[in-house]
Amino acid sequence: MTTEQNGFSAETLYQFERITDNQLSPDGKHVIYSVERIERKTEKKYQDLWVVSADGESAPRRFTYGDWVDTAPRWSPDGHTIAFLSNRKDGKQPQLYLLPFHGGEARLLAELKGNISSFAWSPDGGSLVYGFRKADADVLERQEDKQKQELGVVVRHIKRGFYKANGVGYLPQEKNHIWRINVASGETMQLTDGDYDEQDPVWSPDGTTILFISNRSDDPDMNPDAVELYTVPADGGEMTLLPTNHVGTKFLHDFSPDGNWISYVGRRHRLSPWQNSSLYLVPAGGGIARNVTVAADLDIANRTGGDVAGATPLTTPVWSPDSSTIYFQISRFGDQPLMALNVASETFSTVVGECIVGRFNFDAAHTRLAYFCGQTYDPGNIWVQHLDSGANIQLTRLNNWLADAPLGTVTEQWIKSADGTAIQGWIMTPPDFDPAHSYPTIIDIHGGPQTQLGNWFMHQYNYLAAHGYVIAYCNPRGSQGYGEAFAGAIFGRWSTVDYDDLTAWFDTVAALPYVAADRMGVMGGSYGGYMTVTVIGRTDRFKAAIAQRMVSNSLSMYGGSDMNWYWNHLIGNGNPWEDFEKHWHDSPMSGVGNINTPTLIMHSEDDYRTRPEQSEQVYVALRSRGVPTELLLFPSETHELSRTGRTDRRVARLEHMLHWFDRYLKEPVEGASDG
């Protein structure tokens, strides 16, 4: 059956609308949200603001119009005005705008040349505080000089440790600082300055102080977790370090409404990315920081993988008006529930469960909660909960066409690994599944490794299932969502117990009565690409493989990736010149001479996380050995191609995947060409 015949083609990606932000009004009556749409002719993505009544009794209405990007809407404290970011002036530079909720034109607050990272209303509604990085001088020169613009960059003079980033490219020279703008006059005031970045400003309840984070170590690039809390007077003045006993990184900070406490998220130790992100409380004037989630082994994170909605925003933990309760998201067992902490008793309760909770917020009185919710068969919509009754109402119905689409059916399955460790996985069977039939099967290995797959819509899986495949996926050790020990089990030993867990999963799937064990394929991206090449270097049980944006050589990852030297602390090895044998032992390239499995390799040319050379090494090795292999390179795409890349390239990626698996899992191997 062809793509067109079964009703679920790769090109259905063009039909999806994606909620990128949502905010409940202070009076609890409306939710304003931004929706991304795709214009197929130009391949451009635009965002519009929409409004829906929080009672669920009326249809959403479009609030802004135009082929530009309107996003990050924020209500003024009185609920009369919306502040938002938009590139409507020139189609490029996002600027701050104000728009009356009850009618009127959007007003540009100030014309800024640079990047606005975040902003927040003052408690009295008279100002906005925002993070802003000015454009570099040479960038502005090229913008104003056509000849210089055509000639481009002459040279990059690099003097810092971290100098590039996936999705950004080479980093600018200017730093991010804290600014304030008067909403009536548009007058701006710079509150911080200097050679360090200051990020994520928030107001104190009385509006006199701005709280933010900054790394003021001698060399922040070589000590990236040395992030501390600082304050600065809202009217300008000297910044002050908030002293704590906690040396780990800090983020997602806020004041309690009574002004007595500051909450933030952080890790206990530096340079340990496998640790849980925990919730801390510290007195507003500084002092002993208390980790209130460590005993419960909770990870405050948005770790769940999806390929339509992108990563859900991780909301700063929210205090109740009486400062007695804090609300926050966690990643747990394939879900991303919203939890509540009773501060006095340090006990937890689930507010929204069985859901991938994204952005959430409350009305001023905390009688209603609005939240983004993604589920297995729904990329995500906005819901509201009445806190007195616990009743949940769905407010939006984006992508409702999926109700009539031929989707796979997902069932959860727990298994035991070789040493008895419990591993959670899922099986997706094709539409019109017949348990008496024998199906070719694809196993997907997630990236990270500190992420999780779970109960969220995956277009890629449904696309392959619609073409007659069983799809199987699990969370081996190294994944988040199962406790810190589970996530840290592979630190310093990638492809050990995680490989054992995957092998147990392979065996379980192969034994299913409807799985054709002799027609199984394996695929994965990033860490999943690393494990895919590792797997086919150790076993010939799979008839085809697809490795995407892979890590293949731990030695060349050091310095080549945008993670730079921090790569050592992700994989858990020493410096390459001191730990050469360990790096090579942990590299899939060390086993490439054993690979016989036909392998399709994919990489994005502008991937700064895992550089294309990681895939090219494997491709050249397999070609030289005569193993059937092909290489797909996607121009102008980053590590995020499969989630947020240009849609025609995402379509091409899926169609090549299907063709490759069809060739080796559905057609006789003897007649297959190596391309």
Exercise. Normalised by the number of residues in segment 417-484, what is the relative contact order in percent for Cα pairs under 8 Å and 6+ residues apart?
Worked result: 48
Seminar exercise, completed: Answer in debye to the nearest 20: the dipole magnitude of the chain about its Cα centre, from +1 Lys/Arg and -1 Asp/Glu charges placed on Cβ, is 640
Exercise. Stretch residue 540-residue 659 to full length: gain in nm at 0.36 nm per residue minus the Cα-Cα span?
Worked result: 40.8 nm
For this session: Quick one: which residues, 5+ away or cross-chain, put their amide H under 5 Å from the amide H of residue 524? H built at 1.01 Å from N.
Result: 445, 546, 548
Seminar exercise, completed: For the chain, the per residue accessible area (1.4 Å probe, Å²) is 40
Exercise. Which trypsin sites (Lys or Arg not before Pro) from segment 21-109 combine a DSSP loop assignment with at most 15 other Cβ atoms within 10 Å?
Worked result: 29, 40, 41, 89, 92
For this session: Starting from the Cα of residue 41, draw a straight line to each of the aspartates and glutamates and keep only those under 17 Å, dropping any in the same chain fewer than 8 residues away.
Result: 11, 17, 67, 648
Exercise. Classify segment 212-283: rounded, prolate or oblate, from the alpha-carbon gyration tensor (a ≥ b ≥ c, eigenvalue square roots; a/c under 1.5 rounded; otherwise prolate if a/b is larger than b/c)?
Worked result: oblate
Problem set entry | Reach of residue 416 by Cα under 26 Å, taken over lysines that are not fewer than 8 positions away in the same chain | 543
Seminar exercise, completed: With all protein chains in place and a 1.4 Å probe, residue 655 shows an accessible area in Å² (nearest 10) of 80
Problem set entry | Cβ-derived FRET efficiency at R0 60 Å, residue 160 paired with residue 348, nearest 0.05 | 0.90
Exercise. In terms of the Cα gyration tensor, with a ≥ b ≥ c the square roots of its eigenvalues, is segment 62-138 rounded because a/c is under 1.5, prolate because a/b exceeds b/c, or oblate?
Worked result: oblate
Exercise. Of the cross-linked pairs 92/113; 92/159; 89/148; 44/146; 89/175; 113/134, which ones have a Cα-Cα span greater than 18 Å in the structure shown?
Worked result: 92/159; 89/148; 44/146; 89/175
Exercise. Sequence-distant or interchain residues sharing an amide H contact under 5 Å with residue 198, placed H: which?
Worked result: 176, 177
Exercise. For the chain, what is the relative contact order in percent, using Cα pairs closer than 8 Å and at least 6 residues apart in sequence?
Worked result: 10
For this session: Using only the alpha carbon atoms of the chain, find the Kirkwood hydrodynamic radius as the inverse mean reciprocal pair distance, in angstroms to one decimal.
Result: 26.4
For this session: Please give the contour-minus-distance gain from residue 340 to residue 485: 0.36 nm per residue of separation, less the Cα-Cα distance, rounded to one decimal in nm.
Result: 49.9 nm
Exercise. What accessible surface, in Å², does a 1.4 Å probe find on residue 519, ignoring ligands, DNA and RNA and rounding to the nearest 10?
Worked result: 70
Seminar exercise, completed: Mean separation of Cα contacts under 8 Å (at least 6 apart) over the residue count of segment 224-354, i.e. the relative contact order in percent, is 16
Exercise. Once you put a point 7 Å from the Cα of residue 89 and another 7 Å from the Cα of residue 296, both along the Cβ direction, what distance in nm separates them?
Worked result: 4.4
Exercise. Hey, any idea what % of segment 203-321's accessible area is carbon plus sulfur with a 1.4 Å probe?
Worked result: 54
For this session: Run the 1.4 Å probe and let me know the accessible area of residue 373, rounded to the nearest 10 Å².
Result: 0
Exercise. Per-residue HN-Hα couplings for segment 403-413, Karplus 6.51 cos²θ - 1.76 cosθ + 1.60 at θ = phi - 60°, whole Hz, x for Gly and Pro?
Worked result: 4, 9, 8, x, 8, x, 9, 10, 10, 8, 8
For this session: Place +1 on the Cβ of every Lys and Arg and -1 on the Cβ of every Asp and Glu in segment 334-451, take the dipole about the Cα centre, and give the residue among 415, 375, 340 whose Cα lies farthest towards its positive end.
Result: 340
Problem set entry | residue 184 versus residue 623: modelled label distance in nm, points set 7 Å from Cα along the beta carbon direction | 6.8
Problem set entry | Label-to-label distance, nm, for residues given as residue 149 and residue 400 (7 Å Cα→Cβ offset) | 4.4
For this session: For segment 1-136, with all protein chains present and a 1.4 Å probe, just round the carbon and sulfur fraction of the accessible area to a whole percent.
Result: 46
Exercise. Within the chain, which is the longest segment containing none of the chymotrypsin sites (Phe, Trp or Tyr not before Pro) that sit in a DSSP loop and have at most 10 other Cβ atoms within 10 Å?
Worked result: 66-576
Problem set entry | ³J(HN,Hα), Karplus 6.51/-1.76/1.60, whole Hz, each residue of segment 389-394, x for Gly, Pro | 9, x, 6, 10, 10, 7
Problem set entry | Residue-by-residue Karplus 3J(HN,Hα) for segment 463-472, coefficients 6.51, -1.76, 1.60, Hz, glycine and proline x | 4, 5, 5, 5, 9, x, 10, 7, 10, 10
For this session: Using a Förster distance of 35 angstrom, determine the FRET efficiency expected from the C-beta separation of residue 652 and residue 221, and round it to 0.05.
Result: 0.45
Exercise. How long is the gain from residue 636 to residue 324 if the chain were fully straight, where each residue apart is worth 0.36 nm and the alpha carbon distance is subtracted?
Worked result: 107.5 nm
Seminar exercise, completed: For residue 225, the residues 5 or more places away or on another chain with a placed amide H closer than 5 Å to its own amide H are 271
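The values are calculated or read from the model by the stated rules, or taken from the named source; none is laboratory data. None of these values were measured; they are calculated from a predicted model. As a convention, Cβ positions derive from the backbone with ideal geometry for all residues, glycine included, and neighbour counts pool all protein chains shown. SASA here: full protein model, heavy atoms, side chains in, ligands and nucleic acids out. Shrake-Rupley method; radii C 1.70, N 1.55, O 1.52, S 1.80 Å.
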